[in-house]
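Here is the structure we will look at.
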Amino acid sequence: MQYRSPWMTEELDTFRDQFRKFLEKDLAPHAEKWRKQKMVDRSAWLKLGEMGALVPSVPEAYGGLGASFAYDAAIYEDMESIVPDALSGVTVSSGIVAHYILNYGSEEQKQRWLPAMARGELIGGIAMTEPGTGSDLQSVRTTAKLEGDTYVINGQKTFITNGQNADLIIVVARTGGPGAKGLSLIAMETKDNPGFKRGRNLDKIGLHASDTSELFFDNATAPKENVLGGEEGKGFAQLMQQLPQERLIIAVGAVAAMERAVKLTTDYTRERKAFGQPILDFQNTAFTLAERKTEAFIARVFVDFCIERLIAGDLDAVTASMAKWWTTQKQVETVDECLQLHGGYGYMQEYPIGRMFVDARIQKIYGGTNEVMKLLIARSL
Ligand SMILES: Cc1cc2nc3c(=O)[nH]c(=O)nc-3n(C[C@H](O)[C@H](O)[C@H](O)COP(=O)(O)OP(=O)(O)OC[C@H]3O[C@@H](n4cnc5c(N)ncnc54)[C@H](O)[C@@H]3O)c2cc1C
């Protein structure tokens, strides 16, 4: 049976045909270089911008395509299956940061930042995590104090995607008392901001082309109007409102990765012979792939349901958490078993399954750990 995602359209088919060719020809050949230098070249962002692939669901008035989230989902799926190396940076800047600006920025801020993000000239980051605070976001210690018309920001963040490249960082900072009510999101431009310093581009076990950094704020500044939503104390609520989309984006990547792993492994095991026969003909191989193909299909149908709900504007936090934990758990299991079916070759850098194995692992951790997802789901019991 040929399954087609219900959110696909003929217009999107045409866009994807061109986009996939572009990814294969213009981006994929550079991926190894990006992995070595531990970041994606800025020129790749500009090329993605030319393709209209950076902020498709942002209105045309702000440089986007005025399309629905279906375009974002299609773009992330295609990147995951052709050049996954550039995906995490793009999802953070385009899928997350741009939408904070769109939803909570002033008209002037949207005009200033979104068209530049659409062109790939401005890269965004979001800085929530601190050395002492990850899952427990309410305990953020970084402060932003208003002095005259300027926020003065002090503190430290870590594990920040696009940390080396970001021109605009949404900083989760304490503007008031303890707990969630004291948090605000401050959009901070990094240029000409001497109190802001980028730390190490951290050494990770996977996602080698993605820059992930420590950030230091020692009297960094942002103008008063850069508090998103125009007033203090709304930060935690804004984070909670955006989380379903962020978690769905992770799930979209997970499904594409599962499908890719099953396809790559089916092709490999059909060619590779042992004991005089293709290893796909061993029942263990075929059953493993049959199970994983089934799970990938189930995951796709559920994620398609979530995509449709998001487009309709009613994807709730619990359902998005279900999608995030289950698909990423299945992604990790699938790439592990698919690597096993590659034998020793699966452990070699030259086969994509090995990279997929190390890249998959973070999916269960970032965007809220899978344990936190289960806490959220459990509250709905
Ligand atoms: C490659 C990468 C990119 C990242 N990008 C970003 C980014 O762009 N911006 C950003 O802000 N952050 C980013 N992060 C940080 C990421 O979101 C955090 O690592 C994650 O939220 C977990 O926080 P933590 O590492 O402090 O772990 P902790 O919160 O210390 O958790 C450790 C363990 O305890 C468990 N745990 C914690 N609380 C509970 C509980 N109540 N019940 C049960 N178990 C619990 C967790 O599930 C986990 O297994 C990134 C991390 C990585 C590795």
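Report, ordered by the first and then the second residue, all pairs with beta carbons closer than 8 Å, sequence separation of six or more or different chains, a first member in the range 103-132 that is more than 16 Å from the ligand (Cβ to nearest atom), and a second member that is of a type in the set (S, T, Y) and outside any loop (DSSP other than H, G, I, E, B). Filtered contacts from the range 103-132: K110/Y62; Q111/Y62; L114/Y62; P115/Y62; A118/Y62. For the range 13-30, the set of residues classified as in contact (Cβ under 8 Å) with a residue 40 or more places away in the chain and surrounded by fewer than 20 Cβ atoms within 10 Å (Cβ to Cβ) consists of R16, R20, E24, A28, listed by residue number. A residue that is modelled with pLDDT under 95 and aliphatic (A, V, I, L, M) can be found somewhere in the range 135-142. Residues that are within 16 Å of the ligand (Cβ to nearest atom) and in contact (Cβ under 8 Å) with a residue 24 or more places away in the chain: does the range 256-274 have at least one? Yes.
Meeting the requirement of 1 or more residues that are open to solvent by less than 30 Å² (accessible area, probe 1.4 Å) and over 27 Å from L87 (Cα atoms), the strands (runs of 3 or more DSSP E) wholly within the range 121-228 are 143-147, 150-161, 183-189, 212-223. Residues in the range 31-51 that are surrounded by 15 or more Cβ atoms within 10 Å (Cβ to Cβ) and touching a residue at least 40 places away in the same chain (Cβ under 8 Å): A31, W34, R35, K38, M39, V40, A44, W45, K47, L48, G49. The number of residues in the range 205-229 being out of contact with any Lys or Arg (no Cβ under 6 Å at 6 or more places or on another chain), over 30 Å from G354 (Cβ atoms) and either within 14 Å of the ligand (Cβ to nearest atom) or not assigned by TED's automatic domain parsing to the domain that holds I186 (or both) comes to 1. Of the numbered criteria (1) open to solvent by less than 70 Å² (accessible area, probe 1.4 Å); (2) of a type in the set (A, V, I, L, M, F, W, C); (3) more than 19 Å from the chain's Cα centre (by Cα), the one A317 fails is (3).
Within the range 144-173, if we keep just the residues that are in contact with a helix residue (DSSP H, G or I) (Cβ under 7 Å, 6 or more places away or on another chain) and away from the ligand (no atom under 15 Å from the Cβ), the residue that is farthest from N219 (Cα to Cα) turns out to be D149. With respect to the conditions (1) at positive phi; (2) buried (at least 17 other Cβ atoms within 10 Å of the Cβ), C338 falls short on a single one, namely (1).
Taking helices (runs of 4 or more DSSP H) as the structural unit, those lying wholly within the range 291-381 and holding at least 3 residues that are more than 16 Å from the ligand (Cβ to nearest atom) and in contact (Cβ under 8 Å) with a residue 24 or more places away in the chain correspond to 317-341. Residues in the range 1-46 that are under 25 Å from I298 (Cβ atoms), part of a helix (DSSP H, G or I) and aliphatic (A, V, I, L, M): L12 only.
The values are calculated or read from the model by the stated rules, or taken from the named source; none is laboratory data. The model shown is predicted, which means the values in this text are computed figures rather than measured ones. Backbone-built Cβ (ideal geometry, glycine too); neighbour counts: all protein chains shown. Ligands, DNA and RNA are excluded from the accessible area calculation, which covers all protein heavy atoms including side chains. Shrake-Rupley method; radii C 1.70, N 1.55, O 1.52, S 1.80 Å.
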